[in-house]
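The values are calculated or read from the model by the stated rules, or taken from the named source; none is laboratory data. Keep in mind the model is a prediction, meaning the values are calculated, not measured. Backbone-built Cβ (ideal geometry, glycine too); neighbour counts: all protein chains shown. For accessibility, only protein heavy atoms count, side chains too; no ligands or nucleic acids. Shrake-Rupley method; radii C 1.70, N 1.55, O 1.52, S 1.80 Å.
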Amino acid sequence: MTYLLRRLPLSRLLLLCGLVVVIGISVTALAFALGTGPTPPPKPLADAIHDALAGADGEPVQGISANIQLTDHLLEGANLTSGGGEGSGGGALLSSPLVTGGSGRMWVAKDGRVRLELQSEKGDTQVLYDGHTVSIYDASSNTLYRYTIPPHEGAGDSSGSEPTTADHEAPSVAKIEEAISRLDHVNVSGATPTDIAGQAAYTVRVSPKESGSLIGGGELSWDAANGVPLRAAIYPSTSSSPTIELAATSISYGPVAASVFEFTPPSNAKIEEIVLPKQDGSSADSSTHTGEHPHVTIDGQGITSVAVLESKTKEGADAKQTSSATEEGLQKIKINGIEASELPTELGTLLSFERSGVRYLLAGAVSPAAVEAVAKGL
């Protein structure tokens, strides 16, 4: 069954948001264990990046295997199970280790295939990427989510040909310095020597120059010898502790068997094909939008902007009952006299309400007050 975002209950949409955040970190963060190895010598950031990319005689890593620990406080304290019970969308949301955190394993093949496996009491959660499709199996709801990446958004060549030496040639220090200098909207730290998972590594921190966002910054660590990312974390603006961090107790490099990336869900699993809406950059009045596809606009600029998704609501009592049940546990507020459901987190705010046959979903890395102000102006 195919679901556009406009048809997803808010609780499942929140789960999807959590999955997207974790997948993005998972692809780049592979291990984190302090105090077990040597530290590299101090270097300027551009030199540390260049030397790591040029390491290992220019040969790419053949594969990565790691034991991991995911910590996720994004929805900590959110009451999403009220009125829904264990089988509700909110119950599945809170029981998924992708959202609540968990331990597990991760593998990355030389050709870019990825498998992330997180364990929980109610069954493992599997995340697989084959270069074309992201597949996520959530055992707590026995649901397989699939998203096929459009061709123009692909992560690389899918022809299966072996990369050439030129494909792995490290950019010069000058080019790296030039690229860093173009990062006008963020502060970039130097390369801090450290040791992660027994590997000599460097860590860099990036934080927004613009104030007003709930995102305080992010950190990325990489292996000083081969440039493999070893740790990633996202920090809120209100705390020195990360909201989301992927950690591992061990890591090893070497070929990964093709069978590792094979996964077959249970025969009775529900399958949901996710189709993301395209952003509409037109300046037409949103009140006149009548198309079948969701209408996406951006209010503001930069990291403090708020995304607004408008879509037609389903008709009938069943649709209203489903919407009410899945949003019952969320915080309720009033937007120009209309009841809205709101989820504030350490990194941003989600808000949803319906008016005159249109469902509005707003999201931004800003405070609830900032999102509410945009909603009141719609």
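Out of the residues in segment 284-304 that are small (G, A, S) and over 22 Å from H185 (Cβ atoms), state the one that is modelled with the highest pLDDT.
Here the answer is G291.
So which residues in segment 198-215 are surrounded by 19 or more Cβ atoms within 10 Å (Cβ to Cβ) and β-branched (V, I, T), if there are any at all?
Answer for segment 198-215, where residues must be surrounded by 19 or more Cβ atoms within 10 Å (Cβ to Cβ) and β-branched (V, I, T): T203, I215.
Could you check segment 333-348 and list, in sequence order, the residues that are surrounded by fewer than 15 Cβ atoms within 10 Å (Cβ to Cβ) and either free of Cβ contacts under 8 Å to residues at least 40 places away in the same chain or on the phi < 0 side of the Ramachandran plot (or both)?
K334, G337, I338, E339
So in segment 52-74, with the set limited to residues that are modelled with pLDDT under 85 and in a loop (DSSP other than H, G, I, E, B), which one is least open to solvent (accessible area, probe 1.4 Å)?
G55
Out of the residues in segment 199-217 that are among the small types (G, A, S) and outside any loop (DSSP other than H, G, I, E, B), state the one that is nearest to S239 (Cα to Cα).
G216
Out of A365, A317, A269, which single residue is at pLDDT 90 or above and surrounded by fewer than 20 Cβ atoms within 10 Å (Cβ to Cβ)?
One residue alone meets the criteria, A269.
Taking segment 223-241, which residues are open to solvent by 30 Å² or more (accessible area, probe 1.4 Å) and over 22 Å from T125 (Cα atoms)?
Once the filter is applied, which keeps residues that are open to solvent by 30 Å² or more (accessible area, probe 1.4 Å) and over 22 Å from T125 (Cα atoms), segment 223-241 yields A225, N226, P229, S237, T238, S239, S240, S241.
If I filter segment 129-138 down to residues being touching a residue at least 40 places away in the same chain (Cβ under 8 Å) and more than 18 Å from S267 (Cα to Cα), which single residue comes out as surrounded by the fewest Cβ atoms within 10 Å (Cβ to Cβ)?
Among them, the one singled out is D130.
Identify the residue in segment 242-266 that is part of a strand (DSSP E or B), under 28 Å from Y145 (Cβ atoms) and modelled with pLDDT of 90 or more and, among all such residues, is nearest to the chain's Cα centre (by Cα).
Filtering segment 242-266 for residues that are part of a strand (DSSP E or B), under 28 Å from Y145 (Cβ atoms) and modelled with pLDDT of 90 or more, the one nearest to the chain's Cα centre (by Cα) comes out as I244.
Among the candidates G254, G218, single out the residue that is open to solvent by less than 30 Å² (accessible area, probe 1.4 Å) and more than 21 Å from L70 (Cβ to Cβ).
Testing whether each residue is open to solvent by less than 30 Å² (accessible area, probe 1.4 Å) and more than 21 Å from L70 (Cβ to Cβ) leaves just G254.
Kindly state which strands (runs of 3 or more DSSP E) lie completely within segment 79-192 and contain at least 1 residues that are over 16 Å from the mean Cα position of the chain (by Cα) and either at pLDDT below 70 or among the hydrophobic types (A, V, I, L, M, F, W, C) (or both).
102-109, 143-148, 186-188
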